[in-house]
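Here the structure is laid out as structure tokens; the discussion comes afterwards.
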Ligand code: RB5
């Protein structure tokens, strides 16, 4: 398992799962860049944490990231507005594997109110272990960066 920093962020609805996944990342030997939020009681806005993730990736402070909100949907939409982010909402092991192999996703998103913590932990490990396949998928991923 590589040890480059992994950034992690959530809103209040994702705070509990973020805490669990942060512990796992540390146990796997990763440096964890925790971008907040820092409690599950204060209501906050998920786009702010997606923006913090996008900045961390852009600056090279982290190469990959984990985002959690209630559904995983809002925070992934927000993250994907940044052209260098490929964020995927994942619900199962197959999705975690294929979004690395085919989409070269650099951010995995979870719904803290949607997914069991054991499933999310399994998905995160697979996401971190799986390489991009390149080949025909590279051409398609490159097309994701086309704007306008
Ligand atoms: C917060 O209540 C909730 O709307 C947010 O966590 C997320 O699920 C939005 O997509």
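Per 0.36 nm of contour for each residue apart, how much would the distance between residue 43 and residue 31 grow if the chain were fully extended, relative to their Cα-Cα spacing? Present the calculation step by step, with values, prior to reporting the outcome.
Details: separation 12, 0.36 × 12 = 4.32 nm, distance 2.69 nm.
Full extension from residue 43 to residue 31 adds 1.6 nm.
With viscosity set to 0.890 mPa s and temperature to 25 °C, compute the Stokes-Einstein D of segment 1-70, Rh being the Kirkwood radius across alpha carbon pairs; µm²/s, no decimals. Before the final figure, lay out each step's value.
Numbers: Rh = 11.8 Å.
Reported coefficient: 207 µm²/s.
So what is the 222 nm mean residue ellipticity for the chain from helices alone, if each DSSP H run of at least 4 adds -39500 (n - 2.57) and you divide by all residues, rounding to the nearest 500 deg cm²/dmol?
-13000 deg cm²/dmol
For the chain, take the longest principal axis of its alpha carbons; what is the angle in degrees between that and the long axis of helix 117-129, to the nearest 10 within 0 to 90?
So the inclination is approximately 40 degrees.
Between residue 23 and residue 91, what FRET efficiency comes out of the Förster formula 1/(1 + (r/R0)^6) with R0 = 22 Å and r the beta carbon distance, rounded to 0.05?
Computed FRET efficiency for residue 91 and residue 23 comes out at 0.55.
Can you compute the radius of gyration and Dmax for segment 73-148, using only the Cα atoms, both in Å?
Cα-based Rg and Dmax for segment 73-148 come out at 12.6, 40 Å.
Two decimals is fine: what's Rg over Rh for the chain, C-alpha atoms, Kirkwood radius as Rh?
Numbers: Rg = 14.0 Å, Rh = 14.9 Å.
In the chain, Rg relative to Rh is 0.94.
Taken together, the values in this text are just the output of simple stated rules run on the coordinates, not laboratory data. Keep in mind that what you see is a predicted model, and the values were worked out from it rather than measured. As a convention, Cβ positions derive from the backbone with ideal geometry for all residues, glycine included, and neighbour counts pool all protein chains shown.
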